[in-house]
Amino acid sequence: MRADRGIAVTEASTVVRHSALRSSLGLVVAKAAQTGTGFAFWVVAAHATFDREVGLTTAAVSAVMICTQLAVLGAGSAVIVSVGRGEPPARVLDAAFGIVGVASTVLALGYLLLQWMVTPDTAVMSVLFWLTFLIAAVTGTLCTVLDQALVALGRGSSATSRYLVGGVFSLGATALVAWQAHGAPADVMMACWTLGSALTCVLGIVQLRRLVGYRPRPSLRPAKNRSTLVLGIPHQLLTITERAPGLVLPLLLAHMVSPEAAAYWYPAWMMAWAAYTAPMLIGIVQFSEGVRDPGRLVATTWASFRWSLAIGGIAAVVLVIFAHPLLHLLGDRYANSSTDALRILAAGLVPYAVLQAYNSVCRVRSLYTEAIVVGVALGVALCVSALLVADNGPTAMAIAWLVVLSIGAAGMGLRLLAILRRVKNEAR
């Protein structure tokens with residue numbers, strides 16, 4: 001076992017790192033492939049079953065993503081920091097996989113039990129649903145760690161192939177269900193979605209094996225896991241403040257307003273998120289580069305921010321122009337309800353890019369408490385404002401979302417400038 005670990009370390013040291021720009025673009029393309037196939041999945045799902053089943057499936061997918069964000073416990077960020085400092089990747093990954101494997105299983109089961117007790121009227125209780133939900137939560141969490149591990153190794157661009165293959169298989173399974181009959185239940189749709197997540201995870205492990213000779217041996221040794229958690233949890237709390245509002249809102253809509261409300265909101269949000277992923281993914285690379293070379297933090301931040309606006313801006317413009325035809329693929333109901341909402345949400349790219357630049361700098365500078373407090377306040381304001389106007393439809397929700405996000409980004413932008421000014425003064 002020690003010999004294998006040594007081989008992995010040696011091979012890791014000889015891995016050819018790609019440039020930060022190449023890793024950033026690779027991650028963006030990967031997420032574009034994931035989002036594109038994901039959108040196609042929902043298009044087929046909308047024609048394969050009823051709005052209620054689509055709404056229940058979107059709520060389940062959002063719940064999986066929430067479990068994933070909670071279960072990561074900062075393990076991915078800990079891998080970036082540890083590998084950036086020169087620690088052996090194999091030992092770091094073993095600890096990370098052990099932590100997230102247990103955490104994702106516990107959280108998924110906990111959510112299913114909570115849903116069964118609190119919202120029995122909208123809970124899907126079949127064995128198939130519980131099994132696929134559990135698999136989706138575990139593999140989705142592992143995929144997050146795999147993504148950040150490959151970023152730490154300078155090979156973020158490798159994500160494209162695995163997300164594309166996983167998404168195509170998931171889409172194919174959904175198309176097969178739609179071809180067989182209309183009205184597929186939510187548990188069957190969830191099983192189709194889970195197939196893509198599981199396959200993406202397997203391909204990521206294969207890529208790590210080929211790149212650094214790594215063979216997963218998840219470890220639960222207290223000493224190593226404790227150091228990983230101490231390093232990673234502050235990063236994960238910050239990540240949760242970024243992702244939770246978009247994931248929690250569909251869930252709240254499905255159980256507090258109606259499954260149909262979630263069904264009409266989710267496609268607009270999902271497509272807007274396609275543009276938002278550019279600053280989010282570039283922010284991960286910015287964080288990785290900032291850990292490796294703190295002396296270039298200011299230059300890295302501004303370069304990352306420009307690329308976030310350039311790449312994300314292209315996606316946002318496409319969404320604004322083609323909002324109606326894209327949503328029309330799901331059906332007239334979705335296009336009529338959500339077109340304006342999608343266009344408004346696409347405009348949120350700029351404030352979201354500011355948020356990501358600010359959070360990445362806070363990660364490098366260890367300003368966790370500040371960023372987490374700001375993020376929690378912003379996330380609560382986003383969800384509450386959208387829920388308050390939910391009865392008026394997706395457009396009103398999108399306006400509330402954009403206004404709150406823009407106000408928050410203005411404050412974060414001013415604080416970001418102050419931090420970067422201090423970094424310059426320290427360098428002098």
* To do: Determine, yes or no, whether Gly393 is more than 25 Å from Ala263 (Cα to Cα) and among the small types (Gly, Ala, Ser).
  => no
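Look through Val350, Val373, Val361 and report the one residue that is part of a helix (DSSP H, G or I), surrounded by fewer than 16 Cβ atoms within 10 Å (Cβ to Cβ) and of a type in the set (Val, Ile, Thr).
Val373
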* Asked: Which one of these is crowded, with 16+ Cβ neighbours inside 10 Å and outside any helix (DSSP H, G or I): Leu330, Leu345?
  -> Leu330
* To do: Please state which of the following conditions Asp187 fails to meet, knowing it meets all the rest: (1) in a helix (DSSP H, G or I); (2) of a type in the set (D, E, K, R); (3) at pLDDT below 80.
  => (3)
* Asked: Within the bounds of the range 160-169, is there any residue that is more than 21 Å from Thr37 (Cβ to Cβ) and surrounded by fewer than 24 Cβ atoms within 10 Å (Cβ to Cβ)?
  -> no
* Asked: Out of all the residues in the range 238-256, is one or more surrounded by fewer than 18 Cβ atoms within 10 Å (Cβ to Cβ), among the acidic types (Asp, Glu) and in a helix (DSSP H, G or I)?
  -> no
* To do: Quick one: count up the residues across the range 154-184 that are modelled with pLDDT under 75, more than 30 Å from Gly290 (Cβ to Cβ) and assigned to a helix (DSSP H, G or I).
  => 1
* When residues of the range 257-273 are filtered for being buried (at least 24 other Cβ atoms within 10 Å of the Cβ) and over 18 Å from Ala45 (Cα atoms), how many remain? -> 1
* To do: Determine if the range 276-293 includes at least one residue that is under 13 Å from the mean Cα position of the chain (by Cα), in a helix (DSSP H, G or I) and basic (Lys, Arg).
  => no
* Of all residues in the range 40-62, which are aliphatic (A, V, I, L, M) and out of contact with any Leu (no Cβ under 6 Å at 6 or more places or on another chain)? -> Val44, Ala45, Ala48, Val54, Leu56, Ala60, Val61
* Before we move on, is Gly313 in contact (Cβ under 8 Å) with a residue 60 or more places away in the chain, assigned to a helix (DSSP H, G or I) and buried (at least 16 other Cβ atoms within 10 Å of the Cβ)? -> no
* Structure fact -> Among Thr68, Thr35, the single one that is in a helix (DSSP H, G or I), at pLDDT 70 or above, surrounded by fewer than 23 Cβ atoms within 10 Å (Cβ to Cβ) and under 15 Å from the mean Cα position of the chain (by Cα) is Thr35
* Checking Tyr276 against (1) under 18 Å from Ile240 (Cα atoms); (2) surrounded by fewer than 24 Cβ atoms within 10 Å (Cβ to Cβ); (3) modelled with pLDDT of 85 or more, which single condition isn't satisfied? -> (2)
* Condition broken by Asp391, with the remaining ones in (1) of a type outside the set (Phe, Trp, Tyr); (2) in contact with a Ser or Thr (Cβ under 9 Å, 6 or more places away or on another chain); (3) surrounded by fewer than 19 Cβ atoms within 10 Å (Cβ to Cβ); (4) in contact (Cβ under 8 Å) with a residue 60 or more places away in the chain satisfied -> (2)
* Asked: Only one of (1) polar (S, T, N, Q); (2) under 26 Å from Thr239 (Cα atoms); (3) in a helix (DSSP H, G or I); (4) out of contact with any Ser or Thr (no Cβ under 8 Å at 6 or more places or on another chain) fails for Ser366. Which number is that?
  -> (3)
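The values are calculated or read from the model by the stated rules, or taken from the named source; none is laboratory data. Quick caveat: nothing in here was measured; it's all calculated off a predicted structure. Note that we place each Cβ from the backbone using ideal geometry, even for glycine, and neighbour counts take in every protein chain shown.
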